[in-house]
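*Asks:* Dropping a structure here in structure tokens format, bear with me for questions.
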Amino acid sequence: MAKPPPDDDLLFKALADPSRRKLLDQLHAVDGQSLGQLCEHLHMSRQGVTQHLEMLEAANLVATMRSGREKLHFLNPVPLQEIYERWIAKFEKPRLKALSHLKRKLEKSND
């Protein structure tokens, strides 16, 4: 069964913590890591890392899959893309239009 989309508050809360962002960076570098592999890069207990992963999973930023006795963690970039489209891209459009207009104006003045 597919998970319902997370609410924005949960997503931003998950991204607010530097340890969780570091976990996302690690999964971006090497996807499909076990808890043990992820713990190697953080100075905290396995339980602490597990709690951070649970928050990331609840925000739909991390998906898991069992492989034998291991649980592998994978980055899900879709919610990040949705944040970009909803919160960032709309603010970039006017700036990009202004730069494009400036470029055309400067090119005309060089002719």
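The values are calculated or read from the model by the stated rules, or taken from the named source; none is laboratory data. Here the structure is a predicted model, which is why all the values come from computation and not from measurement. Cβ coordinates were reconstructed from backbone atoms using ideal geometry, including for glycine residues, and neighbour counts include every protein chain displayed.
*Asks:* Evaluate segment 47-61: report whether one residue or more is in the same structural domain as LEU11 (by TED's automatic domain parsing), without any contact (Cβ under 8 Å) to a residue 12 or more places away in the chain and over 25 Å from ASP9 (Cβ atoms).
*Replies:* no
*Asks:* Sticking with this one: Mind listing just one residue for me: the one in segment 17-31 that is surrounded by fewer than 11 Cβ atoms within 10 Å (Cβ to Cβ) and among the aliphatic types (A, V, I, L, M) and, of those, farthest from the chain's Cα centre (by Cα)?
*Replies:* VAL30
*Asks:* Take segment 37-71 and flag every residue that is hydroxyl-bearing (Ser, Thr, Tyr) and within 16 Å of GLN26 (Cα to Cα).
*Replies:* Correct list: THR50, THR64.
*Asks:* Which residues, taken from segment 3-23, are at pLDDT 95 or above and assigned to a loop (DSSP other than H, G, I, E, B)?
*Replies:* Listed by number, the list holds a single entry, ASP17.
*Asks:* Which of (1) surrounded by 12 or more Cβ atoms within 10 Å (Cβ to Cβ); (2) over 17 Å from the mean Cα position of the chain (by Cα) does ALA14 not meet, given it meets every other one?
*Replies:* Every listed condition holds for ALA14 apart from (2).
*Asks:* Here's a follow-up. Would you check which residues across segment 63-111 are polar (S, T, N, Q) and under 23 Å from the mean Cα position of the chain (by Cα) and list them?
*Replies:* If the condition is that a residue be polar (S, T, N, Q) and under 23 Å from the mean Cα position of the chain (by Cα), then THR64, ASN76, GLN81 are the ones that fit.
*Asks:* Sticking with this structure for a sec: Anything in segment 24-33 that is in a helix (DSSP H, G or I) and either closer than 20 Å to ARG69 by Cα or touching a residue at least 40 places away in the same chain (Cβ under 8 Å) (or both)? List them, or say none.
*Replies:* The answer is LEU24, LEU27, HIS28.
*Asks:* In segment 32-49, what count of residues is obtained for those that are of a type in the set (Ser, Thr, Tyr) and either exposed (fewer than 13 other Cβ atoms within 10 Å of the Cβ) or in contact with a helix residue (DSSP H, G or I) (Cβ under 6 Å, 6 or more places away or on another chain) (or both)?
*Replies:* Going through segment 32-49 one residue at a time, the tally reaches 1.
*Asks:* Still on this structure, please answer the following. When you go through (1) out of contact with any Cys (no Cβ under 8 Å at 6 or more places or on another chain); (2) at pLDDT 90 or above; (3) of a type in the set (A, V, I, L, M, F, W, C) one by one for VAL49, which number turns out not to apply?
*Replies:* Against the list (1) out of contact with any Cys (no Cβ under 8 Å at 6 or more places or on another chain); (2) at pLDDT 90 or above; (3) of a type in the set (A, V, I, L, M, F, W, C), VAL49 comes up short only on (1).
*Asks:* From ARG86, ARG69, ARG21, grab the single residue that is in contact with a helix residue (DSSP H, G or I) (Cβ under 7 Å, 6 or more places away or on another chain) and of a type in the set (Lys, Arg).
*Replies:* ARG21
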